[in-house]
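Each remark here refers to the structure printed beneath this line.
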Ligand code: ATP
């Protein structure tokens with residue numbers, strides 16, 4: 001490959017900019033030409049591409065969001081839309097594309113790969129719901145934001161001897177709730193992967209308060225339940241009225257942590273290398289410290305295994 005392009009797609013996440021920067025700088029370092037596609041697959045179909053130089057990615061490593069912007073594009077779900085995307089890249093002489101996004105974005109990259117464009121996917125999503133990588137770009141920052149918010153809630157809860165239900169993101173994957181829950185000492189972690197028993201949760205909360213605990217945190221992943229409903233169900237059982245906080249989109253904003261920046265930098269550089277080696281239709285990740293590129297078909301069809309050891313540890317430590 002001589003000319004490559006990079007785009008961000010689907011929901012944004014912190015560290016996407018660091019990944020774009022790594023792709024651009026690594027490509028230029030290796031003598032490639034590199035283009036940025038604006039607004040994901042929508043921009044690709046609209047031929048909204050610009051040439052990137054070293055300075056075009058200056059001062060972005062620390063910024064949340066994505067300078068390339070992102071979009072969801074219905075037209076790209078059709079074979080005609082995908083063909084149009086491939087034709088536009090080919091007309092510009094671009095033979096490689098790096099897609100930073102989630103599951104859906106990966107599938108788009110796979111389609112382009114089958115149309116002869118060399119593609120690589122990078123896991124850009126806060127949910128950590130992508131298989132064949134231990135962590136996705138943005139996850140570490142999202143967890144830190146949750147932990148920081150829970151620290152603040154704890155201060156006021158302890159003063160008033162209260163409990164809190166905190167709803168965090170995670171539609172199919174409870175990792176944000178799990179990691180934030182363990183790191184902030186939550187009493188209960190509710191995730192889509194593990195069935196929960198509201199009677200047991202309410203009973204344990206009452207016993208813990210009776211035994212002298214001065215605050216109690218229930219953290220729930222949005223895909224496992226609604227914070228308000230869980231709070232009401234607890235009140236109906238034990239009379240305690242947990243305050244509900246829904247963290248929402250603040251979890252997707254703000255400056256990326258050093259972990260996310262380093263993950264993005266490593267993966268961006270790795271994806272460029274793989275394209276230069278002629279690889280295509282793969283998703284990049286780091287598993288146990290080792291960089292890997294796995295067939296996209298395999299990645300999108302695999303359910304990420306839930307870390308039960310970590311979940312059980314959190315339970316043991318939260319008595
Ligand atoms: P997140 O999980 O953060 O929402 P995502 O990448 O999964 O990110 P999607 O909205 O699912 O977000 O996908 C982003 C875009 O990728 C879609 O708007 C569409 O243009 C393209 N896309 C999704 N699925 C496919 C598919 N099966 N084939 C081709 N393109 C797809």
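The table below gives the values:
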quantity: Selection from segment 97-131 of residues that are more than 20 Å from the chain's Cα centre (by Cα) and either within 8 Å of the ligand (Cβ to nearest atom) or farther than 24 Å from residue 50 by Cβ (or both); calculated: 111, 114
quantity: All positions within segment 55-74 that are over 24 Å from the mean Cα position of the chain (by Cα) and in contact (Cβ under 8 Å) with a residue 24 or more places away in the chain; calculated: 56
quantity: Strands (runs of 3 or more DSSP E) fully within segment 171-258 counting 3 or more residues that are touching a strand residue (DSSP E or B) at 6+ places or on another chain (Cβ under 8 Å) and over 19 Å from residue 312 (Cα atoms); calculated: 243-246
quantity: Considering residues of segment 19-52 that are out of contact with any helix residue (DSSP H, G or I) (no Cβ under 7 Å at 6 or more places or on another chain) and in a loop (DSSP other than H, G, I, E, B) only, the residue farthest from the ligand (Cβ to nearest atom); calculated: 31
quantity: Residue 9 being in contact with a strand residue (DSSP E or B) (Cβ under 6 Å, 6 or more places away or on another chain), buried (at least 17 other Cβ atoms within 10 Å of the Cβ) and closer than 22 Å to residue 135 by Cβ; calculated: yes
quantity: Residue 106 under 29 Å from residue 71 (Cα atoms) and in contact with a strand residue (DSSP E or B) (Cβ under 7 Å, 6 or more places away or on another chain); calculated: yes
quantity: Condition met for residue 218 (touching a helix residue (DSSP H, G or I) at 6+ places or on another chain (Cβ under 8 Å), surrounded by 18 or more Cβ atoms within 10 Å (Cβ to Cβ) and farther than 30 Å from residue 122 by Cα); calculated: yes
quantity: Tally, over segment 19-39, of residues that are farther than 20 Å from residue 107 by Cβ and surrounded by fewer than 24 Cβ atoms within 10 Å (Cβ to Cβ); calculated: 11
quantity: Hey, residue 134 in a loop (DSSP other than H, G, I, E, B) and either within 16 Å of the ligand (Cβ to nearest atom) or at pLDDT 95 or above (or both) or not; calculated: yes
quantity: Of all residues in segment 239-254 being over 13 Å from residue 157 (Cβ atoms) and surrounded by fewer than 18 Cβ atoms within 10 Å (Cβ to Cβ), the one that is farthest from the chain's Cα centre (by Cα); calculated: 239
quantity: Those residues of segment 53-91 which are assigned to a loop (DSSP other than H, G, I, E, B), within 13 Å of the ligand (Cβ to nearest atom) and surrounded by fewer than 14 Cβ atoms within 10 Å (Cβ to Cβ), in sequence order; calculated: 74, 78
quantity: Options 145, 94; residue that is surrounded by fewer than 24 Cβ atoms within 10 Å (Cβ to Cβ), away from the ligand (no atom under 15 Å from the Cβ) and part of a helix (DSSP H, G or I); calculated: 145
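The values are calculated or read from the model by the stated rules, or taken from the named source; none is laboratory data. Remember, it's a predicted structure, so these values are computed and weren't measured experimentally. Quick reminder, even Gly has a Cβ in these numbers, built from the backbone with ideal geometry, and neighbours come from all protein chains shown.
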